[in-house]
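To start, the structure under review is shown below, and the notes come after it.
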Amino acid sequence: MHTPFKTVGILGKPSDPSIAATLSVLYGYLKQHYSVIVARDSVDSINDPSVTSCAPEQLGQRCDLVIAVGGDGTFLSAVRVTADYDVPVIGINLGRLGFLVDISPSELPDKLHRMLQGHYVEEKRSLLQAKVIRDKQIIHEETAVNEVAIHRWVTPSMIEIVTKINNIFLNTQRSDGLIVSTPTGSTAYSLSAGGPILHPSLNALVLVPLNPHTLSNRPIVIDDSAEIEISFCQTKQINALVTCDHIEIPDVLISDKILINKYPKPIRILHPEGHDFFQILRTKLNWSGGNPTH
């Protein structure tokens, strides 16, 4: 079989027995044509003593394609471990609401077969890089596919956030926090907080306040080349929580600064031919599906 891929990695949702059947079918199909490596925490779902495995974070180094089996959360984990190696990711959807994973188990192996032969649509999407700075030192650094969010943490009070864009003052807000979202993340946490939906092709970021004290404090869209600086202006010490997708950075102090930039390397997502972002929106958000031209 002609294919642009030689070694394929599989990453499944850890500790989820419901994906075992799909993982077994996928592995059985792939091993007929490819060298296959399975993430170590998914090996128990595959009944093959000869299976080759590795730590999930090593898949990007050892594979030239990774297939994520689960929901959008599993897909996020896959692209985070492949971004530095320019390795594309395909998503098989076993979740309830998937904007990133768009092959269902019932479409295996036919749709996947065509994609592995090179019949696919490729997207490149940006990640964010967040740095927590304390006393002029970087104490934590993390990447995010969807969003970086700053939350009040273990306090009944709102936090007071100062935002600068390219070192130019934007505003001060009292709120429960702030979301900085990529176009990919605009259909995730940002959307639930009232942010706009951004088309994935846009080179943009959206800043969405969480329950702001001033109702005129609205989401704002900026260029994704901008550097965003978040600081706090409380007069008494409170803690804040920074999350990068599902990864938590706790115990952020009011004296800390958070710098957010676009990560230098994009992620690569492969979709089946005919991929239609607007059709996905209609389906996932239960919009009216009628086409007035037909």
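A few points about this structure:
- Among residues of segment 28-41, those that are under 25 Å from the mean Cα position of the chain (by Cα) and open to solvent by 20 Å² or more (accessible area, probe 1.4 Å), counted: 2
Yes/no matrix, rows are residues, columns are (1) in contact with a helix residue (DSSP H, G or I) (Cβ under 6 Å, 6 or more places away or on another chain); (2) closer than 26 Å to residue 128 by Cβ; (3) surrounded by 14 or more Cβ atoms within 10 Å (Cβ to Cβ); (4) in contact (Cβ under 8 Å) with a residue 60 or more places away in the chain:
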position: 18; (1), (2), (3), (4): no, no, no, yes
position: 26; (1), (2), (3), (4): no, no, yes, yes
position: 43; (1), (2), (3), (4): no, no, yes, no
position: 48; (1), (2), (3), (4): no, no, no, no
position: 53; (1), (2), (3), (4): yes, no, yes, no
position: 78; (1), (2), (3), (4): no, yes, yes, yes
position: 85; (1), (2), (3), (4): yes, yes, yes, no
position: 98; (1), (2), (3), (4): yes, yes, yes, yes
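- Selection of segment 110-138 for residues being open to solvent by 50 Å² or more (accessible area, probe 1.4 Å) and more than 30 Å from residue 254 (Cβ to Cβ) yields 110, 111, 113, 114, 117, 119, 120, 121, 122, 124.
- Of all residues in segment 70-85, exactly one satisfies the criterion of being more than 21 Å from residue 186 (Cα to Cα) and in contact with a Lys or Arg (Cβ under 7 Å, 6 or more places away or on another chain), namely 84.
- The residue of segment 190-228 that is surrounded by the most Cβ atoms within 10 Å (Cβ to Cβ), among those that are under 22 Å from residue 276 (Cβ atoms) and out of contact with any helix residue (DSSP H, G or I) (no Cβ under 8 Å at 6 or more places or on another chain), is 190.
- Conditions (1) touching a strand residue (DSSP E or B) at 6+ places or on another chain (Cβ under 7 Å); (2) at pLDDT 90 or above; (3) over 22 Å from residue 187 (Cα atoms): number failed by residue 264: (1)
- Considering 182, 187, 143, 155, the condition of being surrounded by fewer than 24 Cβ atoms within 10 Å (Cβ to Cβ), under 15 Å from the mean Cα position of the chain (by Cα) and among the polar types (S, T, N, Q) is satisfied by 143 alone.
- Scan of segment 84-97 for residues that are part of a strand (DSSP E or B) and basic (Lys, Arg), ordered by number: none
- Considering segment 244-262, the residues that are within 17 Å of residue 145 (Cβ to Cβ) and more than 13 Å from the chain's Cα centre (by Cα) include one that is most open to solvent (accessible area, probe 1.4 Å), namely 248.
- Restricting segment 55-70 to residues that are of a type in the set (Gly, Ala, Ser) and buried (at least 22 other Cβ atoms within 10 Å of the Cβ), the residue that is nearest to residue 266 (Cα to Cα): 68
- Qualifying residues in segment 1-16 (those that are open to solvent by 20 Å² or more (accessible area, probe 1.4 Å) and touching a helix residue (DSSP H, G or I) at 6+ places or on another chain (Cβ under 6 Å)) - the one modelled with the lowest pLDDT: 3
- Screening residue 204 on (1) at pLDDT below 95; (2) of a type in the set (Gly, Ala, Ser); (3) touching a Pro at 6+ places or on another chain (Cβ under 8 Å) shows it passes everything except condition (1).
The values are calculated or read from the model by the stated rules, or taken from the named source; none is laboratory data. Computed from a predicted model, the values in this text were never measured in an experiment. Virtual Cβ from ideal backbone geometry, glycine too; neighbours counted across all protein chains shown. Accessible surface is based on the protein model in full, side chains and every heavy atom, while ligands, DNA and RNA are left aside. Shrake-Rupley method; radii C 1.70, N 1.55, O 1.52, S 1.80 Å.
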